[in-house]
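The block underneath contains the structure these notes are about, expressed in structure tokens.
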């Protein structure tokens, strides 16, 4: 019997572990919710909502044969191998430090039991240890990593067809639980907006890719992806994180198109995902420690009121509040707006980037340890290839430039729907007559700004210069 241990590869198309197991004998597909092993990196609330739907869909794709478990992966796998005639356990590799350590232990355990451990690459275009500089050290700057490293490396493999006529094992394993028993959904129904915003299935992933590539999303991607009200982003990140679509399929789809700046730029974003995973693999402390150690002395402020206002989308800065409310309502935030709200937190509020990373980890359906950590360190200026310290987004001008008609901002901050465009992103500058006409009283209907943008910018520059 061949055990297929699903993890962040919840699909049947282009799944190397499933394909290899299906060619080798009877297949027992399993998923283990290993919160104990994950420890502080156990999935956040929004990710668990997505996982619930993704597992439900995967079970249907596997003719209802997927068996679910809860507990330490080592214990579950050891029990299965003791109780049944398991020849091999197949899985697709993950690269978070805790998973790497655990999987190493699992391999040793399986080998001691005389069971083959077969790991595959189903999640990345290039292995993290594959792309290095000529002196053998890892890249710390994205552009040479991608252009010199990735684009000159062995091209990514072609996608694999879904296995046909899989012979499933009939064994029923002791300790298997129902999807409900995994307890992934919250007791209080805050997640309905997330459920409504997505099709969390493998077909949903394929449809999202088709829509993006064929219905104009990829057209003008390089510029259009900066405008949150437009449909020039792929929205594939949660599907990639949970492995409901493989990066190899997306890469090949791009390669099969007539090359242009938009296709090339989209591929480079896949390259950033690779870069983030490479950083996490080479620097396992990335989610916790500043990659640039001089930032250990940075004078972060402590201000729980400001943090709570940022989390709730009640900062009084409209584009920031729109982004934070989109996050809460849909489990997602447009990438341009992620940079705006991130800059506001770490530079205007001078709050530790780890506080933002933790909130995103809990609220994002695409919460990925590598991408989340690398991106927050980038915006804070303390990571690899980081934004320079003096790059402080002005949320007013960012809103005016990238949401010029206010469509995005008014959608998520409806109390400002009647504000004229001129003052939409800076209502505190509006004359009282304009505010009255929009039925707005600042401090009652919409918050006053919790910080002065100009003064807080100067404060941030002084703090960064102190390093």
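The values are calculated or read from the model by the stated rules, or taken from the named source; none is laboratory data. Remember, predicted model here, so these are calculated numbers, not experimental data. Here the Cβ positions follow ideal geometry from the backbone for every residue, glycine too, while neighbour counts run over all protein chains shown.
Points to keep in mind about this one:
- Only one of 225, 210 that is within 21 Å of residue 125 (Cβ to Cβ) and within 18 Å of the chain's Cα centre (by Cα): 225
- Residue in segment 283-292 that is assigned to a helix (DSSP H, G or I) and crowded, with 18+ Cβ neighbours inside 10 Å present: no
- Listed by first and then second residue, the pairs linking a residue in segment 170-194 that is farther than 19 Å from residue 331 by Cα to a residue that is assigned to a loop (DSSP other than H, G, I, E, B), with Cβ atoms under 8 Å apart and 6 or more places separating them unless they lie on different chains, are 171/1; 171/84; 173/84; 175/71.
- In segment 133-161, residue surrounded by the fewest Cβ atoms within 10 Å (Cβ to Cβ) [restricted to those that are in contact with a helix residue (DSSP H, G or I) (Cβ under 7 Å, 6 or more places away or on another chain) and assigned to a loop (DSSP other than H, G, I, E, B)]: 158
- Some residue of segment 16-28 being in contact with a strand residue (DSSP E or B) (Cβ under 8 Å, 6 or more places away or on another chain) and more than 28 Å from residue 203 (Cα to Cα): no
- Whenever a residue of segment 51-72 is outside the structural domain of residue 240 (by TED's automatic domain parsing) and without any contact (Cβ under 8 Å) to a residue 60 or more places away in the chain, its partners that are surrounded by 19 or more Cβ atoms within 10 Å (Cβ to Cβ) and assigned to a strand (DSSP E or B), lying with C-beta atoms within less than 9 angstrom and at least six residues away or across chains, give the pairs 72/32.
- From 455, 367, residue being without any contact (Cβ under 8 Å) to a residue 12 or more places away in the chain, on the phi < 0 side of the Ramachandran plot and assigned by TED's automatic domain parsing to the domain that holds residue 316: 455
- Annotation note: of 1, 43, the sole residue that is in contact with a strand residue (DSSP E or B) (Cβ under 9 Å, 6 or more places away or on another chain) and over 24 Å from residue 170 (Cα atoms) is 43.
- Test: residue in segment 158-170 that is at pLDDT 95 or above, outside the structural domain of residue 42 (by TED's automatic domain parsing) and on the phi > 0 side of the Ramachandran plot: no
- Flag for residue 214 being at negative phi and not assigned by TED's automatic domain parsing to the domain that holds residue 136: no
- Residue count for segment 237-262 satisfying the condition of being crowded, with 19+ Cβ neighbours inside 10 Å and farther than 26 Å from residue 12 by Cα: 1.
- Any hit, segment 167-182, residues being part of a helix (DSSP H, G or I), over 26 Å from residue 365 (Cβ atoms) and in contact with a helix residue (DSSP H, G or I) (Cβ under 6 Å, 6 or more places away or on another chain): no
- Note on segment 1-14: among residues that are more than 20 Å from the chain's Cα centre (by Cα) and in a loop (DSSP other than H, G, I, E, B), the one that is modelled with the lowest pLDDT is 1.
Conditions (1) farther than 17 Å from residue 175 by Cβ; (2) touching a strand residue (DSSP E or B) at 6+ places or on another chain (Cβ under 7 Å); (3) modelled with pLDDT of 95 or more; (4) not assigned by TED's automatic domain parsing to the domain that holds residue 130, marked per residue:
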residue: 74; (1), (2), (3), (4): no, no, yes, yes
residue: 78; (1), (2), (3), (4): no, no, yes, yes
residue: 81; (1), (2), (3), (4): no, no, yes, yes
residue: 87; (1), (2), (3), (4): yes, yes, yes, yes
residue: 90; (1), (2), (3), (4): yes, yes, yes, yes
residue: 96; (1), (2), (3), (4): yes, no, yes, yes
residue: 100; (1), (2), (3), (4): yes, no, yes, yes
residue: 105; (1), (2), (3), (4): yes, no, yes, yes
residue: 114; (1), (2), (3), (4): yes, no, yes, yes
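- When segment 186-201 is limited to residues that are crowded, with 17+ Cβ neighbours inside 10 Å and in contact with a helix residue (DSSP H, G or I) (Cβ under 6 Å, 6 or more places away or on another chain), the one that is modelled with the lowest pLDDT turns out to be 191.
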